[in-house]
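Readers should treat all values here as calculations from the given coordinates under stated rules, not as data from a laboratory. Here the structure is a predicted model, which is why all the values come from computation and not from measurement. All Cβ positions, even for glycine, are placed from backbone atoms using ideal geometry, and neighbour counts span all protein chains on display.
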Amino acid sequence: METFIEQKDDGVIFNIFVQINFELERLILGFGETIEVLKPLKLRNRILKKLRDSVKIYEEGSM
């Protein structure tokens with residue numbers, strides 16, 4: 001079930017009711033910089049950690 005919350009100039013805020021799991025994280029990460037998880041904080045922090053870990057790989061430069 002999806003609930004529309006708010007239309008903004010830079011996007012849309014909506015609620016979705018899901019089970020937090022690897023597939024959800026993968027789907028969210030697939031949107032790249034065009035999506036932001038606001039809540040729940042647990043999921044937001046998991047996504048943030050994965051993004052920070054990814055940036056670290058590129059900053060360290062394995063080439």
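Quick notes
- Any hit, segment 41-53, residues being outside any helix (DSSP H, G or I) and out of contact with any Ser or Thr (no Cβ under 9 Å at 6 or more places or on another chain): no
- Residue within segment 15-31 that is surrounded by 10 or more Cβ atoms within 10 Å (Cβ to Cβ), in contact with a strand residue (DSSP E or B) (Cβ under 7 Å, 6 or more places away or on another chain) and free of Cβ contacts under 8 Å to residues at least 40 places away in the same chain present: yes
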